[in-house]
Amino acid sequence: MNNNRQLDTYFGRELASLRERGLFRELRVLPATGGKLSIEGRKVLNFSSNDYLNLANHHQVKVAAIEATERLGCGATASRLMSGHLELHDALEIDLARMVAAEAALVFGSGFLVNIGVLTAIAGREDEIFADRLNHASLIDGMLLSGAQWHRYRHKDIDHLERLLKKSKTGGRRIIVTDSIFSMDGDIAPLKCLAELAESYKAIMVVDEAHAIGVMGARGGGVCRIKGQEIKPEIVIGTMSKALGGYGGFVACSDTMRSFLINRARSFIYSTGLPPACLGGSHMAVSLVESTPQMGQELLARVQRFREFLVEEGFSLPEIESQILPIHIGDNQQAMNLAGSLWEKGIMVSAIRPPTVPAGTARLRVSVTLAHSIDDLQFAAKELAQSARQWGVL
Ligand SMILES: *Cc1c(COP(=O)(O)O)cnc(C)c1O
């Protein structure tokens with residue numbers, strides 16, 4: 001008891017310090033999911049959901065998840081290597097491999113678990129990892145946990161990466177790791193140049209397509225599959241938790257790499273298989289993405305309109321590269337204030353603060369989804385501008 005109180009004093013002090021710096025985070029309960037919600041009879045536009053294609057509440061996806069549950073139960077009941085490997089795992093992996101144009105795919109519990117598992121499996125003390133400085137947290141954690149020597153190159157800076165590769169003296173493997181669409185800025189990595197460097201320096205290339213799967217490229221297979229700029233990295237990572245509207249992660253790679261990961265990726269081996277509902281739902285979501293490839297294009301067209309509305313209101317914004325639009329604010333508290341007044345008006349946007357983004361670059365991260373109509377976007381742009389003026393940041 002006494003000891004607990006001491007601990008609470010310690011952790012409480014740390015929390016107080018977070019509050020002072022505008023960095024305190026807390027959970028908010030929502031009664032629904034997706035880009036457009038109804039909360040106590042009030043319409044709320046949710047711009048912080050990753051349900052880009054509005055599939056989380058798609059009728060056929062829900063029915064497929066329910067059917068899988070009725071047929072196979074709620075849980076996989078064991079890790080895949082024990083007795084938790086179902087036919088639906090195989091079926092979904094075949095879908096995902098086809099989508100990404102890879103030989104094979106392997107499904108994990110989540111995208112985070114994929115990144116931890118893959119990087120620790122393919123890299124060790126003898127190897128060197130070269131990572132974009134703005135890579136997703138799960139790639140950073142996987143890199144650190146692997147025990148490999150690591151270098152973080154400046155964001156999308158090919159010259160910096162090449163200098164680091166030139167200096168590298170490892171007798172082991174070199175591995176270049178990058179997001180394709182960066183989560184917080186929505187910009188896209190120079191994959192073609194990275195692939196050329198990987199080739200010249202005999203490096204393995206790992207591309208995390210979490211935000212691009214379902215949205216970009218042929219068959220929704222990601223930025224690596226955009227026509228005219230296709231590349232074939234050794235390892236592509238994706239998630240079913242974003243545009244596919246469900247939950248779970250996957251890696252797409254060669255058959256040999258898949259077998260290797262089944263034997264070496266600890267977050268695959270020692271974690272329970274994905275449940276039937278997730279497998280059935282994602283199987284349907286992939287089939288919808290493949291049969292209606294215009295969904296991704298329509299999404300990007302809407303983001304473009306939204307950007308135009310915001311620019312008309314006086315915001316200065318980067319060119320659109322993806323469905324994620326950053327509105328830079330700078331100060332943590334101002335970003336929070338702005339998000340707070342927007343919430344009052346029925347608009348949910350996340351204020352993204354350090355350590356998720358570098359200090360002094362707090363921002364609103366707006367992600368547009370197919371649940372948002374052009375009218376919704378016009379309304380949101382007006383409200384955003386009004387609140388921004390009210391807080392003196394426009
Ligand atoms: C969201 C995300 C992940 C994690 O995927 P989950 O399935 O949500 O665990 C990994 N990498 C990137 C780049 C992401 O944006």
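The values are calculated or read from the model by the stated rules, or taken from the named source; none is laboratory data. What you are looking at is a predicted structure, and each value in this text was computed from that prediction instead of being measured. Counting neighbours? That spans all protein chains shown, and the Cβs are built from the backbone with ideal geometry, glycine included.
Which residue, of 116, 140, is within 13 Å of the ligand (Cβ to nearest atom) and without any contact (Cβ under 8 Å) to a residue 40 or more places away in the chain? If you could, list the steps in order and put the result at the bottom.
Values: 116 fails: without any contact (Cβ under 8 Å) to a residue 40 or more places away in the chain.
Sole residue among the options that is within 13 Å of the ligand (Cβ to nearest atom) and without any contact (Cβ under 8 Å) to a residue 40 or more places away in the chain: 140.
If I go through the range 103-112 residue by residue, how many of them are within 7 Å of the ligand (Cβ to nearest atom) and surrounded by fewer than 24 Cβ atoms within 10 Å (Cβ to Cβ)? First the steps, then the outcome.
Initially, the range 103-112 is screened for residues within 7 Å of the ligand (Cβ to nearest atom), giving 110-112.
Pick out the ones that are also surrounded by fewer than 24 Cβ atoms within 10 Å (Cβ to Cβ) and you get 110, 112.
Of the residues in the range 103-112, 2 are within 7 Å of the ligand (Cβ to nearest atom) and surrounded by fewer than 24 Cβ atoms within 10 Å (Cβ to Cβ).
Taking residue 376 as meeting all but one of (1) over 16 Å from residue 46 (Cβ atoms); (2) in contact (Cβ under 8 Å) with a residue 24 or more places away in the chain; (3) charged (D, E, K, R); (4) out of contact with any Pro (no Cβ under 9 Å at 6 or more places or on another chain), write down the number of the exception.
Here residue 376 clears every test but (1).
Just to confirm my filter: which strands (runs of 3 or more DSSP E) fall fully inside the range 170-273 and include at least 3 residues that are touching a strand residue (DSSP E or B) at 6+ places or on another chain (Cβ under 7 Å) and over 19 Å from residue 284 (Cα atoms)? Please lay out each step first, then the result.
Working: elements: 174-179, 203-208, 235-239, 249-253.
Hits in the range 170-273: 174-179, 203-208, 235-239.
Hey, among 216, 184, which residue is under 21 Å from residue 116 (Cα atoms) and either within 11 Å of the ligand (Cβ to nearest atom) or within 17 Å of the chain's Cα centre (by Cα) (or both)?
On the way: 216 fails: under 21 Å from residue 116 (Cα atoms).
Unique residue meeting the criteria: 184.
Consider the range 347-386. How many of its residues are part of a loop (DSSP other than H, G, I, E, B), over 16 Å from residue 323 (Cα atoms) and either of a type in the set (A, V, I, L, M, F, W, C) or at pLDDT 95 or above (or both)?
Restricting attention to the range 347-386, the residues satisfying the condition of being part of a loop (DSSP other than H, G, I, E, B) are 349, 353-361, 368-373.
Still in the list and also over 16 Å from residue 323 (Cα atoms): 353-361.
From the residues that got through so far, the ones that are either of a type in the set (A, V, I, L, M, F, W, C) or at pLDDT 95 or above (or both) too are 357, 359.
Total meeting the criteria: 2.
Table: residues versus (1) surrounded by 19 or more Cβ atoms within 10 Å (Cβ to Cβ); (2) under 21 Å from residue 106 (Cβ atoms).
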residue: 159; (1), (2): no, no
residue: 167; (1), (2): no, no
residue: 195; (1), (2): yes, no
residue: 205; (1), (2): yes, yes
residue: 222; (1), (2): yes, yes
residue: 235; (1), (2): yes, yes
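Of the conditions (1) touching a Gly at 6+ places or on another chain (Cβ under 8 Å); (2) surrounded by 13 or more Cβ atoms within 10 Å (Cβ to Cβ), residue 78 fails just one. Which one is it?
Of the numbered conditions (1) touching a Gly at 6+ places or on another chain (Cβ under 8 Å); (2) surrounded by 13 or more Cβ atoms within 10 Å (Cβ to Cβ), the odd one out for residue 78 is (2).
Which one of these is part of a helix (DSSP H, G or I) and farther than 24 Å from residue 392 by Cβ: 338, 342, 310, 300?
Working: 338 fails: farther than 24 Å from residue 392 by Cβ; 342 fails: farther than 24 Å from residue 392 by Cβ; 310 fails: farther than 24 Å from residue 392 by Cβ.
Result of the check over 338, 342, 310, 300: 300.
Within the range 245-265, identify whether any single residue is more than 15 Å from the ligand (Cβ to nearest atom), surrounded by 15 or more Cβ atoms within 10 Å (Cβ to Cβ), closer than 26 Å to residue 184 by Cβ and among the aromatic types (Phe, Trp, Tyr), and answer yes or no.
No - not one qualifying residue is present in the range 245-265.
Restricted to the range 123-137, and to residues that are more than 15 Å from the ligand (Cβ to nearest atom) and in a strand (DSSP E or B), which residue is farthest from residue 191 (Cα to Cα)? Even if it seems obvious, please write down each step before you answer.
Residues of the range 123-137 that are more than 15 Å from the ligand (Cβ to nearest atom), as a first pass: 123-130.
If we keep only those that are in a strand (DSSP E or B) as well, we get 128-130.
Working: 128: 19, 129: 16, 130: 14 Å.
The extreme case among them is 128.
Please tell me if residue 28 is part of a loop (DSSP other than H, G, I, E, B) and of a type in the set (D, E, K, R). Break it down stepwise before answering.
Numbers: part of a loop (DSSP other than H, G, I, E, B): yes; of a type in the set (D, E, K, R): yes.
Against the criterion (part of a loop (DSSP other than H, G, I, E, B) and of a type in the set (D, E, K, R)), residue 28 qualifies.
Pull up the range 31-46, narrow it to residues that are part of a loop (DSSP other than H, G, I, E, B) and out of contact with any His (no Cβ under 8 Å at 6 or more places or on another chain), then point me to the one that is surrounded by the most Cβ atoms within 10 Å (Cβ to Cβ). Before you say what the answer is, go through the steps one by one.
Our first condition is that a residue be part of a loop (DSSP other than H, G, I, E, B); within the range 31-46, this holds for 31-35, 40-41.
Imposing the further condition that a residue be out of contact with any His (no Cβ under 8 Å at 6 or more places or on another chain) reduces the set to 31-34, 40-41.
Numbers: 31: 9, 32: 12, 33: 12, 34: 18, 40: 6, 41: 5.
Of everything passing the filter in the range 31-46, 34 is surrounded by the most Cβ atoms within 10 Å (Cβ to Cβ).
Given the conditions (1) assigned to a loop (DSSP other than H, G, I, E, B); (2) charged (D, E, K, R); (3) at negative phi; (4) within 16 Å of the ligand (Cβ to nearest atom), which single one is not true for residue 152?
(1)
List pairs: first in the range 78-102 and basic (Lys, Arg), second surrounded by 17 or more Cβ atoms within 10 Å (Cβ to Cβ), Cβ under 6 Å, 6+ apart or cross-chain?
Partner pairs satisfying both residue conditions: 80/273.
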